[in-house]
Amino acid sequence: MCLATTRAGTRCRAPVLVGESYCLSHHPAYEQKRRQMRSLGGQATTSRLRLLTGAIDYGTPEATRRFGEALTRAVIRNEVPPARATAAWAIAEGVERLRAGVELIARMDALEAQLDELLREEAGIPHES
């Protein structure tokens, strides 16, 4: 349980951050993050996730992996609710699968073109321009 005292004078009952004595709302090291999150007000959780994990970049498998690691750290520090993190990760996985599928289709198209060219050469059909 958090060591901080609430405005009402009672002890804070929020869970502490892993390896710490204070919750996210009272830990001094997170004051800047709390200000940023408060400034977002009622904006979408995606904006909060961006603040906590950096810009969401699904361009490469490595970027998706980094997003997953940052998301995991945010959940452990109680900065993102687990249910929202699960939803965000499901989207990231879906985007990664789609990206991989598009790459696979492009590779298959290139291989089919090479095969067509080899079959034409073997059959003595001139190269198409």
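Examine region 60-82 for a residue that is among the polar types (S, T, N, Q), closer than 26 Å to VAL18 by Cβ and at pLDDT below 85, and state whether such a residue exists.
Yes.
Do we find that ALA100 is outside any loop (DSSP other than H, G, I, E, B), more than 30 Å from CYS23 (Cβ to Cβ), over 11 Å from the mean Cα position of the chain (by Cα) and not β-branched (Val, Ile, Thr) in this structure?
yes
If you scan region 11-42, which residues turn out to be in a helix (DSSP H, G or I) and of a type outside the set (A, V, I, L, M)?
Let us first name the residues in region 11-42 that are in a helix (DSSP H, G or I), namely 28-40.
Listed by number, the residues that qualify are PRO28, TYR30, GLU31, GLN32, LYS33, ARG34, ARG35, GLN36, ARG38, SER39.
The values are calculated or read from the model by the stated rules, or taken from the named source; none is laboratory data. Please read all numbers here as calculations on a predicted model, not as lab measurements. Positions of Cβ are backbone-derived with ideal geometry, glycine not excepted, and every protein chain shown enters the neighbour counts.
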